[in-house]
Amino acid sequence: MIEIERKFLVTDDSYKLLATASSHIQQGYICSERGRTVRIRLRDARAYITIKGPSPDGGLSRYEFEQEIPVDDARHLLTLCEPGIIDKRRYLVPSGQHTFEVDEFYGDNEGLVMAEVELSSPDEQPLLPPFIGKEVTGDRRYYNGSLRRNPYRLWRDNP
């Protein structure tokens with residue numbers, strides 16, 4: 001499946017009032033080089049392995065394969081991951097025909113709040129909610145794999 005998404009910084013916490021659901025996510029990376037990633041994710045009481053390919057268009061789209069796996073397997077696989085586990089709460093916020101996923105990061109990425117929206121085509125224009133700020137699609141610093149290696153706390157004052 002090809003994933004097409006745009007990423008934005010979030011300007012205020014009004015998304016919490018608009019959210020229809022939220023979940024706690026912890027994820028680690030077995031491999032995260034040259035745009036290719038193998039990710040292990042615990043999301044509340046479920047777990048997944050995800051493989052993503054490199055982006056051919058500056059971060060707007062990329063191939064993604066995801067499979068649910070047993071939670072115990074995911075916990076064991078997290079011990080094999082590269083250093084730096086991503087810890088965040090994800091809020092689901094409907095806007096027009098889309099749902100924005102707003103991630104509030106913890107730990108070394110505390111203070112970073114980012115929204116993503118999946119699209120059906122690269123030229124699709126979603127209705128942007130009022131909390132949406134600067135677009136960061138394609139800025140590798142905001143990829144979860146990059147945040148694991150170079151956490152937000154190290155560069156937050158020099159965006």
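Summary table
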quantity	calculated
Inter-label distance, nm, simple model (7 Å from Cα along the C-beta direction), residue 118/residue 57	1.6
Length-normalised contact order for segment 2-154 - Cα pairs under 8 Å, 6+ apart - percent	31
Reachable lysines, given that their alpha-carbon falls under 21 Å from the alpha-carbon of residue 134 and they are not under 8 places away in the same chain	7, 16, 88
Alpha carbon Rg of the chain, scaled by the compact-globule rule 2.2 N^0.38 Å	1.00
Positive-pole candidate from 80, 42, 22, dipole of segment 2-154, charges at beta carbon	80
Point-to-point label distance, residue 73-residue 34, nm (Cα→Cβ direction, 7 Å offset)	2.7
Residues whose placed amide H lies under 5 Å from that of residue 137, excluding near-sequence neighbours	7
Rough spin-label spacing in nm, given labels placed 7 Å along Cα→Cβ, for residue 24 and residue 4	3.6
Estimated vicinal HN-Hα couplings, Hz - segment 19-26 in sequence order (Karplus 6.51, -1.76, 1.60; Gly, Pro = x)	5, 9, 6, 8, 8, 8, 10, 10
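A short reminder: the numbers here are calculations on the coordinates, not readings from a lab. As the structure is a computational prediction, the values presented were derived from the model and not from experiment. Because the Cβ atoms are built from the backbone with ideal geometry, glycine has one as well, and the counts that use them run over all protein chains shown.
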